[in-house]
1. Positive end of the charge dipole of the chain (Lys, Arg +1 and Asp, Glu -1 on Cβ, about the Cα centre): tell me which of Pro22, Ala167, Thr2 has its Cα farthest that way.
2. With a ≥ b ≥ c the root eigenvalues of the C-alpha gyration tensor of the stretch 72-186, is it rounded (a/c under 1.5), prolate (a/b larger than b/c) or oblate?
3. Could you give the DSSP H helices of the chain that reach 27 angstrom or more along their long axis (alpha carbon positions) and whose average Kyte-Doolittle hydropathy is no lower than 0.0?
4. Highest first, please rank the peptides 146-152, 71-77 by the mean number of other Cβ atoms sitting within 10 Å of their residues.
5. Tell me the label-point distance for the pair Leu142, Thr24, using the 7 Å Cα-to-Cβ offset, in nm and rounded to one decimal.
6. On a 1.4 Å probe surface of the protein chains, which of Ile99, Ile161 comes out largest in accessible area, and what is the full order?
7. With each pseudo-label sitting 7 Å past Cα toward Cβ, what's the Arg16-Leu124 distance in nm, one decimal?
8. Per-residue counts of other Cβ atoms within 10 Å, averaged by peptide: what ranking do you get for 92-98, 181-187, 165-171, highest first?
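The values are calculated or read from the model by the stated rules, or taken from the named source; none is laboratory data. Every value quoted in this text rests on a predicted model; they were computed, and no experiment measured them. Methodologically, a virtual Cβ is constructed for each residue, glycine included, from the backbone with ideal geometry; neighbour enumeration extends over all protein chains shown. When the accessible area is computed, the model is the full protein with side chains, heavy atoms only, and any ligands, DNA or RNA have been set aside. Shrake-Rupley method; radii C 1.70, N 1.55, O 1.52, S 1.80 Å.
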Amino acid sequence: VTSLAFVAVGVGAWMRRTVVGPRTVERRLVVALGLVLVVLGAASFLYHATLSYAGQLLDVTGMYLLGTVVGTGALVRLRLVRPGVAVLGVVVVNVVLAITQYVAPDARRILFAVVLAPGVLLELSPSLRTRAIEVSLACLGLGYGLWLLDSWGTWCDADSIWQGHGAWHLLGAAAAYVLVDHYRQSVGGRATRGFGAGQ
């Protein structure tokens with residue numbers, strides 16, 4: 001059920017798309033983010049409901065999509081690549097990741113961190129950095145840690161309502177939602193609030 005937090009956050013992000021202004025890269029990113037989160041939430045729900053291999057592929061693919069959208073979005077915002085190249089990059093990288101997922105499924109947790117890290121690091125660059133990205137990163141880091149504890153069996157009790165993996169879903173969704181505020185605070189690749197603005 002906690003997977004549905006991504007769907008709710010995706011819809012919420014789409015509804016807030018106007019806060020980043022008309023015809024901006026950030027607005028397109030918020031729309032893409034909303035769509036990816038809905039897909040991710042639905043895929044995650046399907047996987048956790050069925051525990052099927054196909055469900056796992058869809059779930060992890062949604063996670064990879066999120067990471068590649070954030071990463072290529074940051075490249076576009078920093079004017080390092082053009083939007084068309086970024087879209088092509090998302091497609092190519094996700095095809096490679098899908099093949100990797102089939103060949104080495106146990107690498108998915110580490111690969112997700114590897115896929116997400118470039119976008120996070122780019123969004124932390126001085127011209128883009130905001131308080132919102134730091135809050136998002138804190139939620140993501142805590143959630144990822146709880147996900148690892150769950151996968152190692154440290155915090156995984158099938159009879160308990162409190163689950164490390166469920167906490168990962170909720171904190172991951174919260175991290176993604178805060179990205180909307182980050183994009184709003186750094187429209188045009190210039191932070192207006194937070195460290196990028198000298199605060």
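1. Pro22
2. Oblate, because a/c is 1.5 or more while a/b does not exceed b/c.
3. Details: long enough: 25-50 (37 Å, 1.49); 53-77 (36 Å, 0.92); 83-103 (30 Å, 2.00); 131-151 (30 Å, 1.00); 164-185 (31 Å, 0.14).
TM-like helix candidates: 25-50, 53-77, 83-103, 131-151, 164-185.
4. Values: 146-152: 16.6, 71-77: 23.0.
Packing order, densest peptide first, comes out as 71-77, 146-152.
5. 2.7 nm
6. Details: Ile99 100, Ile161 150 Å².
Solvent-accessible surface, decreasing: Ile161, Ile99.
7. So the two model labels end up 2.2 nm from each other.
8. The densest-packed peptide leads the list: 181-187, 165-171, 92-98.
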